[in-house]
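Down below is the structure, laid out as structure tokens.
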Amino acid sequence: MYARSVCCLAGAAINTLTAAGGRGWRYGRLPAPEYALYHGDIFIDIGTIPQLARRQGVSPHTIRFYKAPSYLKRIEQRNALDTAMILVKIEED
């Protein structure tokens with residue numbers, strides 16, 4: 001019942017979960033994380049996953065795969081770190 005709490009101000013019913021994108025009305029949406037895309041040691045681009053996918057002409061799934069542990073392990077085993085695409089999350093302080 002708590003997940004579907006309804007606020008009735010001036011007769012208007014608002015579902016708090018859908019009004020704020022599923023995070024409740026007090027908490028807005030979190031900004032999308034930004035990533036840096038590298039080809040080996042060469043910096044290629046910076047942006048969110050959808051932005052990088054659009055600019056590189058690939059699907060967002062492909063961009064996400066560039067940061068997957070299985071992909072990183074695979075390129076490390078093949079000694080292809082200097083020719084592989086790598087996605088690194090940019091952390092804010």
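Pop the C-beta distance of residue 51 and residue 89 into the FRET formula with R0 = 25 Å and round what comes out to the nearest 0.05. After rounding, the FRET efficiency stands at 0.95. Rounded to the nearest whole Hz, the Karplus-based 3J(HN,Hα) values (6.51 cos²θ - 1.76 cosθ + 1.60, θ = phi - 60°) of region 67-78 follow the sequence 10, 5, x, 5, 5, 5, 5, 4, 6, 5, 5, 8, with x at glycine and proline. Between residue 70 and residue 34, the simple spin-label model (points 7 angstrom out along Cα→Cβ) gives 3.1 nm. Using the Cβ of residue 70 as centre and a radius below 15 Å, the other residues enclosed give a net charge of +4, where K and R count +1 and D and E count -1.
Laboratory data are not the source of any read-out in this text; all were calculated from the coordinates shown. Just so it is clear, the structure is predicted and the values come from calculations on it, not from any experiment. All Cβ positions, glycine included, derive from the backbone under ideal geometry; neighbour counts span all protein chains shown.
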